[in-house]
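Below: one structure, written as structure tokens.
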Amino acid sequence: MTVHKLSRTDARRIAVRAQLLGGSRPARLLDVVRGLTLLQIDPTAAVAPNADLVAWSRLGSAYAPDELRAALEDRALLELQAMIRPSEDLALYRGEMAEWPERGTPSSWREYHRTWVQANDACRRDILDRLGASGPLPSRALPDTCAKPWRSSGWTNNRNVTKLLELMVQRGEVAVAGRTGGDRLWDLAARVYPDVPAVPVGEALRIRDERRLRALGIARARGPECPVEPADVGEAGEPAVVEGVRGTWRVDPAQLGRPFSGRTALLSPFDRLVHDRKRTLELFEYEYQLEMYKPVAKRRWGYFALPVLHGDRLVGKLDATADRRAGVLRVHALHEDMPFTKAMTADIGLEIKDLAEWLRLDLVLPG
């Protein structure tokens, strides 16, 4: 098979267009989620919740968060392991649920998950009985009768019911039926998920690789094990090399040779265009880290700085906070990774103004 030879510009344009960030905006929220394959849920809302911010970056101010809530209530979209996916894609995950323990995590963790759930089987059965009788329920309504506590060095330590529910999602036993405030409501999976047959695991993994590549445009064939959503794409697409970048890539052939028109966009730090920081550095020559967990004095760009896309380049970071009590979008700084031209400054300024209007907040600029 021919190995495609791409310049960095080619690769960037493929990635931007595949992520629905080119000049032509998609028409509907469902088109966005099907095109991207997912919207990641994250509780941080320094500007806006990630899922809403990603949708706004694609659809513009025509998008309203109520659309996402309605699509979840109508089951056109489903929440699965902190990702919002098209409901029809559930068929691609049912086979793995039946084969649990889960893929994508180190084998030692998979064994720990298996033995931990087995040790707490009585609690698991109690949860199923209670949800069957009274669901949907928040996790706090489910008693912790775990015989063996969950041990972790992180924030999940001793959060037994929450961790058991999340592993029961992987097993296909329970599902997130909705949310009240920030709390997930849990129910039996049979009452939430569509009744669709499982695609065999091997075929499902191949299809998921193909869809992931279609959404990314260009990606590595292999990468480190990653829970929930990998960054690599296996043998999907066709081989490619990128000038000035070591190693081989896989590229979506449908993206090759297409004309490119770009625009300016403000991105969530969790946006899939920049989610793989190594790929972002290799293809866009753009360094980015989420600094919310760093001490203030060590932050270079801000608590929740938004990457700034202009055409096929990532050109800066917007340090801004939505102060909803004061009714303002407060811009602390706009960092330039490359010198802004007058046209770039004007386009970015319009996008910041549009963000404030979409949030229904007054814009407060530094100084």
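Filter the stretch 152-190 down to residues that are at positive phi and surrounded by fewer than 19 Cβ atoms within 10 Å (Cβ to Cβ) and give me whichever is modelled with the highest pLDDT.
Among residues in the stretch 152-190 that are at positive phi and surrounded by fewer than 19 Cβ atoms within 10 Å (Cβ to Cβ), the one modelled with the highest pLDDT is GLY178.
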Fill in the blank from the handout: Inside the stretch 230-247, the number of residues satisfying the requirement of being closer than 22 Å to GLN40 by Cα, of a type outside the set (Gly, Ala, Ser) and open to solvent by 20 Å² or more (accessible area, probe 1.4 Å) is 2
Practice task
State which residue is farthest from the chain's Cα centre (by Cα) when the search covers only the stretch 47-73 and only residues that are small (Gly, Ala, Ser) and more than 14 Å from LEU266 (Cα to Cα).
Solution key: ALA62
Fill in the blank from the handout: Of the residues in the stretch 188-214 that are in a loop (DSSP other than H, G, I, E, B) and within 30 Å of PRO138 (Cα to Cα), the one that is nearest to the chain's Cα centre (by Cα) is TYR193
Fill in the blank from the handout: From the option list GLU357, GLU291, GLU351, single residue qualifying as acidic (Asp, Glu), closer than 20 Å to PRO49 by Cα and open to solvent by less than 10 Å² (accessible area, probe 1.4 Å) is GLU291
Exercise for the section: Could you grab me the full set of residues in the stretch 45-85 that are touching a residue at least 60 places away in the same chain (Cβ under 8 Å), open to solvent by 10 Å² or more (accessible area, probe 1.4 Å) and not hydrophobic (A, V, I, L, M, F, W, C)? Expected result: SER61, GLU73, ARG75, GLU79, GLN81
Practice task
Evaluate the stretch 328-335: report whether one residue or more is out of contact with any Asp or Glu (no Cβ under 6 Å at 6 or more places or on another chain) and surrounded by fewer than 16 Cβ atoms within 10 Å (Cβ to Cβ).
Solution key: yes
Practice task
Tell me which of these GLY349 doesn't satisfy, since it passes every other one: (1) assigned to a helix (DSSP H, G or I); (2) within 22 Å of ARG8 (Cβ to Cβ); (3) free of Cβ contacts under 8 Å to residues at least 24 places away in the same chain.
Solution key: (2)
Practice task
Run GLU99 past the list (1) within 27 Å of GLY223 (Cα to Cα); (2) crowded, with 16+ Cβ neighbours inside 10 Å; (3) not hydrophobic (A, V, I, L, M, F, W, C) and report the number of the one that doesn't hold.
Solution key: (2)
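Select from the stretch 248-262 the residues that are β-branched (Val, Ile, Thr) and either open to solvent by 50 Å² or more (accessible area, probe 1.4 Å) or without any contact (Cβ under 8 Å) to a residue 40 or more places away in the chain (or both) and list them in ascending order.
Answer for the stretch 248-262, where residues must be β-branched (Val, Ile, Thr) and either open to solvent by 50 Å² or more (accessible area, probe 1.4 Å) or without any contact (Cβ under 8 Å) to a residue 40 or more places away in the chain (or both): just THR248.
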Completion exercise
Output for Cβ contacts, cut-off 9 Å, separation at least six or different chains, first residue free of Cβ contacts under 8 Å to residues at least 40 places away in the same chain in the stretch 118-140, second surrounded by fewer than 14 Cβ atoms within 10 Å (Cβ to Cβ) and not basic (Lys, Arg), reads ALA119/ALA147; ASP121/ALA147; ALA122/ALA147; ASP126/PRO143; ARG130/PRO143
Completion exercise
Picking from ASP89, ASP42, ASP31, the residue that is in a loop (DSSP other than H, G, I, E, B) and under 30 Å from GLY202 (Cα atoms) would be ASP42
Exercise for the section: Out of PRO227, PRO194, PRO200, PRO149, report the one residue that is surrounded by fewer than 18 Cβ atoms within 10 Å (Cβ to Cβ), touching a strand residue (DSSP E or B) at 6+ places or on another chain (Cβ under 9 Å), under 30 Å from GLY132 (Cβ atoms) and of a type outside the set (Phe, Trp, Tyr). Expected result: PRO194
Exercise for the section: May I ask you to list the residues in the stretch 215-235 that are under 24 Å from ALA98 (Cα atoms) and within 15 Å of the chain's Cα centre (by Cα)? Expected result: CYS226, PRO227, VAL228, GLU229, PRO230, ALA231, ASP232
Handout entry: the stretch 10-28, residues that are in a helix (DSSP H, G or I) and open to solvent by 50 Å² or more (accessible area, probe 1.4 Å)
Key = ASP10, ARG13
Practice task
Could you run through the stretch 206-224 and say how many residues are open to solvent by 50 Å² or more (accessible area, probe 1.4 Å) and under 20 Å from MET83 (Cα atoms)?
Solution key: 5
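The values are calculated or read from the model by the stated rules, or taken from the named source; none is laboratory data. None of these values were measured; they are calculated from a predicted model. So basically every Cβ, Gly included, is an ideal-geometry build from the backbone, and we count neighbours across all protein chains shown. Remember, those area values only see protein heavy atoms, side chains included, never the ligands or the DNA or RNA. Shrake-Rupley method; radii C 1.70, N 1.55, O 1.52, S 1.80 Å.
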